[in-house]
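Comments concern the structure below.
The values are calculated or read from the model by the stated rules, or taken from the named source; none is laboratory data. Since we're looking at a predicted model, the values are computed, not measured. Here the Cβ positions follow ideal geometry from the backbone for every residue, glycine too, while neighbour counts run over all protein chains shown. Remember, those area values only see protein heavy atoms, side chains included, never the ligands or the DNA or RNA. Shrake-Rupley method; radii C 1.70, N 1.55, O 1.52, S 1.80 Å.
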Amino acid sequence: MKSPLALIVDDEPDIRELLEITLQRMEIQSISAAGIESAKLLLLEQAFDLCLTDMRLPDGDGLELVKHIQERHAPLPVAVITAHGNMDTAIRALKNGAFDFISKPVDLTALRKLVSTALRVSLSPPAERRTRHELLGESAVMCGIRSKIAKVARSQAPIYISGESGSGKELVARLIHKQSPRNGKPFVAINCGAIPQDLMESEFFGHKKGSFTGAVSDKTGLFQAAEGGTLFLDEVADLPASLQVKLLRAIQEKKIRPVGEQREISVDVRLLSATHRDLGKMVQDGAFRQDLYYRINVIELSVPPLRARISDIPQLVKHMTAMLAEANGMDPPELSTSALSALCHYDFPGNVRELENILERALALYEGNCIEASDLNLPRSDETMVAVPEFDPVESSLENYLERIEKQAISEALEKSRWNKTAAAKRLGMSFRSLRYRLKKLGLE
């Protein structure tokens, strides 16, 4: 079997030699370059499995090489070597497509872990990328989310998943982990709002026996439990200020210190975080650290609310009724056209989670051959209901009917916002870009 081949780009002979020896001991061959132009020539001549590049080079910025590889030699993973404490540079590199970063002076243990993970990306056969059976929906926004998941899964950059409660943020996090080179390692999820504040540091970083009253034995923290894998911090906005500082250090240094421990421990985790709250506004209000916000929000994935993807409701309903019926040992019921119509123009403040709850309740209470609109027991108010015509399969297809509902919802939002598209997008719970796409698609521009 052919040995992996790495490209080392650094103008310091001592650093190049250190990296070459380390890789050689890992049975990885390497070729070195002292600058960007010589590295570009080598990339044309050889097929590499990994690139390690310094950020400060005599003939340019390492970011230039990162961009060049992304454009012409993707999916070659690139890890950047940054000056100690220069986290801003590392974040810029990650945003531009770098796989990961390591700081000088180079920690050889951390370097070996980084290289091993990068080679799993480069040498492993492609993971299963089709997630339509897990993240359901064929709307444009859901196709876009699945495409982004496949792309960001290859990186080690921290990802911030935003979206309303019940929209599927944890499912997105699990799919990122599943499609990443860390998929054979643990996925550890924690709800930050569910941990008592006085236990948070111990839960996150662990503790030594006797470090405080009640510490009767050593405890492994979440970072150590997720070693080599992914740590998902749900409702990260609920972290107290004291822990925000410690989390920031853990991200920057890739090290933690358990309570009562004198030395720091290196950790190798991919950090994903999420919240239903407006974290940007919390930063403006001083309720969340700005520096931590920029560390966890290197890449943002916005999960759309259910009302922004009405066309996905029939597919979700079919999947959920089948799943719920199987769990209850019964045949999946049909939904009447009036029931499906009611669901398609309900606002769903609780999103996909609420849809599942509504269907579970209806499944338990309905009588007859199919679930009717009255069995759904949906709230009725001017705020949550939109007046739409009943679905008639004789007059039009379901696809055309859903398009009419979508047009009406967008038109009403524009009218209520006095045709301010930014305000209308916010009212609809979607991004300005998504609204522009829909306006063009539906011929409303």
Original post:
If packing is taken as the mean number of other Cβ atoms within 10 Å per residue, what is the order of 278-285, 172-179, 336-343, highest first?
Top reply: 172-179, 336-343, 278-285
Original post:
Starting at 0 and stepping by 10 Å, how many percent of the alpha carbon pairs of segment 129-191 end up in each bin?
Top reply: 20, 58, 22, 0
Original post:
Of the peptides 137-144, 296-303, how do they stack up when ordered by the mean number of other Cβ atoms within 10 Å, highest first?
Top reply: 296-303, 137-144
**OP:** Give me the distance between the Cα centres of segment 416-443 and segment 262-326, rounded to whole Å.
**Re:** 22
Subject >> Relative intensity, log₁₀ I(q)/I(0), of the chain from a Debye sum that treats every alpha carbon as a point, q = 0.06, 0.09 Å⁻¹ >> reply: -0.33, -0.71
Original post:
Size of the dipole of the chain about the Cα centre, Lys and Arg at +1 and Asp and Glu at -1 on the beta carbon, nothing else charged, in debye to 20?
Top reply: 820
Original post:
Using alpha carbon coordinates only, what is the Rg to Rh ratio of segment 27-81, with Rh defined as the Kirkwood radius?
Top reply: 0.91
Original post:
For the chain, which whole-number percentage of the solvent-accessible area (1.4 Å probe, protein heavy atoms only) is attributable to carbon and sulfur atoms?
Top reply: 48
Subject >> Principal semi-axes in Å for segment 1-139 [√(5λ), Cα gyration tensor, largest first] >> reply: 26, 18, 16
Original post:
Picking from Leu233, Cys51, Ile149, whose Cα lies most toward the positive end of the charge dipole for the chain (charges on Cβ: Lys, Arg +1; Asp, Glu -1)?
Top reply: Cys51
**OP:** Please give the peptides 355-365, 97-107 ranked by average Cβ packing (other Cβ atoms within 10 Å per residue), highest first, as a rough proxy for protection.
**Re:** 97-107, 355-365
